[in-house]
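Shown next, in structure tokens, is the structure this report addresses.
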Amino acid sequence: MAYKPTGVDTSGIVVDRDLAELEEQLARNAHENWARLRIAEGWRFGPERNDARKEHPNLVSFDQLAESEKEYDRQAAVQTIKTLLAKGYSIQRAKSNTASSEVAAALPLEPKPADVLRLLNSPTKLDLALAQALWRTRDPATWASDPETYRLLGERTLKLGEPLAAYDVIAEGMKAFPQDVRLQQLFALALARSGAAGSANGVLMRLYEAGHRDEETVGMLARSHKDLACESTSPDEANQHLRRAYNLYTQSYRATGGYWSAINAATLAVLLGDRHVATTLARSVREECQRKLVQAEVGSPERYWLVSTLGEASLMLEDWPAAKDWYGRAFAEGSGNWGSLATTRHSARLLLKHLGGNLDWLEQIFQFPSVVVFAGHMIDRSDRQVPRFPAQIEPAVKNAIQDRINKFDAGFGYASAACGADLLFHEALLEKKAESHVILPYEKELFAKDSVDIISAGNWRKRFEKVMDQAVDVQEISKQCKTHSLSYEFANQIMHGVATMRAQQLETKLIPLAVWDGRGGDGRSGTASTVQRWRKLGLKVEIIDLQEIFVRECPEISTCTNADGALSFRQTEPALGSVSSEILAMLFADAEGFSKLTDEEVPRFVEHFFGLVGGLIARLAHKPLTKNTWGDGLYFVFSDVVAAGLFALDLRDSVRGTDWSSKGLPDLHVRIGLHAGPVHACIDPVTQQVNYIGTHVSRAARIEPITPSDQVYSSQAFAALAAAQGIREFRCDYVGQTSLAKQYGTFPTYVVLRRHSAASEGSHSITLD
């Protein structure tokens, strides 16, 4: 008799919308469990199923599965939920008033260090949203009793590819435990992954000189020299750093026998031209890693490094099929561990370029999720004269957003959170288990009142709060409510900048995406102006055509609108008397040592120090809009961040390169602070000159006093605008959350460093003596 499947009748069961997210979670979890069991049985990825060789094409992440395969898991998940409901069970999400319901469920109301450690040591996957929520809800006094909390959260955050967030965690830990070696190692790693190789090298050199010669310290010190070699402007200097890195890796391998040191020593041997040393080490590493892999537990972090190291060894031995296989397994093992995967990909790229191999297959394996920066129209208010985004088309717009997110494999998204397209975008990200980053122009509650609560239908406020709760982070660009559109435009530019920086960190694609009707918007901060700005920067903008959806979904309404879509009721900037507002860059600087000058030296200071500054200004192609001095202080306003940044670096270098003793002056140093933001331009009634005032001028003034001697520091806003504009002349490296002068507050701070010219960034011909 033929088998006839039967089961619980679920045909009359309807799953609530609130459980739709659970369906996707169960489907993903089913795939993960299946894959984990297969790997434990010795199976590995292969383009076709082969039972004899234990290869299966579905041993990839859920997002990489064919849609038909995903649907099998989804249907199983749906039937599981429906069966529970049919049997009389109910499914409800646990309520929580904390920043993260998952953290609340995992910890008691007053967590002790042991509770925090239990969560951090849990074998369950700690995603970035949960890590950030745990950090935001911490009790600093509780955490300060044990350095292990900082160590573990710092490590987890680094693995998730967020070196800036990890930096803040580890920096706080180092304040409580300044002698903790592991925290110092992690601090250096956060610096290195943020691009600050020089600072990382300094931290590690202090550890090394203090006698710490363990494999971790020595290996990380070597890595910092390798990074410095890549940054070097001269072949000789690059050669010295590579030699130093090679010697350190070799020293560590001889002392510990560790395969990690050996494979890095082999890589450096390739870069330095000694293929014999490289292949000898690679063979030894391959044998050791294959032996250890048999013993490694399924799901353990060690498996990732063993598999990726086998890939690197295979590259050096030019065993291309084996390299592809091992790197494919490494990507599957390290799914979501973006920091480690980026490190592995970087090393493999470096090797392939020196070996003359084809990079295409490597890029095909290491396909990182893209970063999406988003803009879109709000849902129509009931009093909107000409319909643009009526509530009836909301499902179609969300489907279109989900399709684009899946098409581009979005893993990280940045947008505001107004009712309409913004919140639909965040909801789609969260359903995909991607990172959601919210950028608000001002304080959350005021923003919700202005941009969410204006629509009574659609449950937008509840959806807004859910997005706020589940987002990885929420940034309020200003703590004050700004009624004019310039603040919104500024927030949009910052949003683009921080998304750009994230894409650069992960070396992945940045996708600008807009839900736009293709017409003029409602002001300079609207979707139309954002799309226009992106296009001016040379970006390819992905457009979800709102007008096309409107016409398709609501033909009876769209035919009633006038042909030119008369969306002509633009908001205009409010008149503020004789004061106008614009986004500008500000520079504050002072000369260290001025207070110690004698009366006889002050005239020489005016002649030579101010003379140097005046000479630099005279040679500028784009001069400051205003300039002022008081005592030894300088205050300049520039029309854009590139002009301000380049002038700051030129000023710093000129002061540092001057022989002040030949001018009859003691050694002088300069410290410079940069910021950008909306400021008010006016004719000062006192001086009768153009002046710029506002809260952002005050913030700029507070950066300079905390800047180290002979350095240029900037705000995150300045760094973000520089990234958004694609400035190549300089870069901004994160230095942490810094308390500004005069108790102004604590803000993310960056050091501004000059980039090398394109010519100096080319490959160097290096040999090993």
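Taking the Cα-to-Cβ direction at Ala618 and at Thr280 and moving 7 Å from each Cα, how far apart do the two end points lie in nm?
6.3
Got a sec? What order do Lys324, Lys444, Lys175 fall in by accessible area at 1.4 Å, biggest, i.e. largest, first? Walk me through the numbers on the way to the answer.
Details: Lys324 95, Lys444 50, Lys175 170 Å².
Output order, biggest surface exposure first: Lys175, Lys324, Lys444.
Got a sec to turn the phi values of the stretch 499-504 into Karplus ³J(HN,Hα) couplings, 6.51 cos²θ - 1.76 cosθ + 1.60 with θ = phi - 60°, whole Hz, x for Gly and Pro?
Running phi through 6.51 cos²θ - 1.76 cosθ + 1.60 with θ = phi - 60° gives 5, 4, 5, 5, 5, 5 Hz.
Between Asp653 and Arg381, what is the spin-label point distance in nm, taking each point 7 Å from the Cα along the Cα→C-beta axis?
Spacing of the two 7 Å Cα→Cβ label points: 5.2 nm.
If I take R0 = 56 Å and measure r between the Cβ atoms of Gln689 and Ala76 in this structure, what FRET efficiency does the formula 1/(1 + (r/R0)^6) give, to the nearest 0.05? Walk me through the intermediate numbers first.
Details: r = 73 Å, r/R0 = 1.30.
Using R0 = 56 Å, I get an efficiency of 0.15.
Work out, step by step, the length gained on full extension between Asp51 and Arg213: first 0.36 nm times the residue separation, then minus their alpha carbon distance; give nm to one decimal.
53.6 nm
If I ignore ligands, DNA and RNA and count only protein heavy atoms, how much of Trp320 is accessible to a 1.4 Å probe, in Å² to the nearest 10?
That residue has around 80 Å² of solvent-accessible surface.
Scan the stretch 582-631 for GluC sites (Glu not before Pro) in coil per DSSP, keeping those whose Cβ has at most 12 other Cβ atoms within 10 Å, and list them by number.
Working: sites: Glu582, Glu592, Glu600, Glu601, Glu607; in loops: Glu600, Glu601.
Hits after loop and neighbour filter: Glu600.
What whole number of Å gives the distance from the Cα centroid of the stretch 308-364 to the Cα centroid of the stretch 374-403?
Value for the Cα centre distance between the two parts: 44 Å.
For the stretch 415-555, just say rounded, prolate or oblate: build the C-alpha gyration tensor, square-root its eigenvalues into a ≥ b ≥ c, call rounded for a/c under 1.5, and beyond that prolate if a/b exceeds b/c, oblate if not.
rounded
Can you list the residues, at least 5 places off or on another chain, whose amide H is less than 5 Å from the amide H of Glu582, using H built in the peptide plane?
Under 5 Å from the amide H of Glu582: Val679, Ala681.
At a probe radius of 1.4 Å, what is the per-residue accessible area of Met468, in Å² to the nearest 10?
Ignoring ligands and nucleic acids, Met468 comes out at about 20 Å².
Express in nm, to one decimal, how much length is gained between Gln240 and Glu556 on full extension, taking 0.36 nm for each residue of separation and deducting their alpha carbon distance.
On the way: separation 316, 0.36 × 316 = 113.76 nm, distance 7.29 nm.
Gain in length upon complete extension: 106.5 nm.
What's the FRET efficiency of Asp319 with Leu359 using the Cβ-Cβ distance as r and R₀ = 25 Å, to the nearest 0.05? Provide the component values of the computation, followed by the final result.
On the way: r = 17 Å, r/R0 = 0.67.
That gives a FRET efficiency of 0.90.
Please list, in chain and number order, the residues 5+ apart from Ile379 or on another chain whose amide H is under 5 Å from its amide H, with Hs placed from the backbone.
So Ile379 has HN proximity to Gly420, Ala421.
For the pair Val181 and Gln504, what calculated FRET efficiency results from E = 1/(1 + (r/R0)^6), where r is the Cβ-Cβ distance and R0 = 22 Å, to the nearest 0.05?
Numbers: r = 30 Å, r/R0 = 1.39.
According to the calculation, E is roughly 0.10.
Cα centroids of the stretch 137-214 and the stretch 238-271: how far apart, whole angstrom?
23
Could you pull out the GluC sites (Glu not before Pro) across the stretch 281-336 that fall in loop regions by DSSP (anything but H, G, I, E, B) with no more than 14 other Cβ atoms inside 10 Å?
Numbers: sites: Glu287, Glu288, Glu297, Glu302, Glu312, Glu318, Glu333; in loops: Glu297, Glu318.
Answer in residue order: Glu297, Glu318.
How far, in nm, would the chain grow between Asn121 and Asn247 when pulled straight, counting 0.36 nm per residue and subtracting the alpha carbon separation?
Numbers: separation 126, 0.36 × 126 = 45.36 nm, distance 3.52 nm.
Separation in residues times 0.36 nm, less the Cα-Cα distance, equals 41.8 nm.
Heads up, I need the accessible area for Cys230: 1.4 angstrom probe, whole protein in place, Å², nearest 10.
Around 80 Å² of this residue is reachable by solvent.
Keeping every protein chain in place, order Lys226, Lys540, Lys292 by accessible area at 1.4 Å, biggest value first, i.e. largest first. Please report the intermediate quantities before stating the final value.
Details: Lys226 15, Lys540 160, Lys292 75 Å².
Heavy-atom accessible area, descending, gives Lys540, Lys292, Lys226.
The values are calculated or read from the model by the stated rules, or taken from the named source; none is laboratory data. Here the structure is a predicted model, which means the values were calculated and not measured. Cβ sites come from the backbone with ideal geometry, for glycine too, and all protein chains shown count toward neighbours. These area figures cover heavy atoms from the full protein model, side chains too; ligands, DNA and RNA do not enter into them. Shrake-Rupley method; radii C 1.70, N 1.55, O 1.52, S 1.80 Å.
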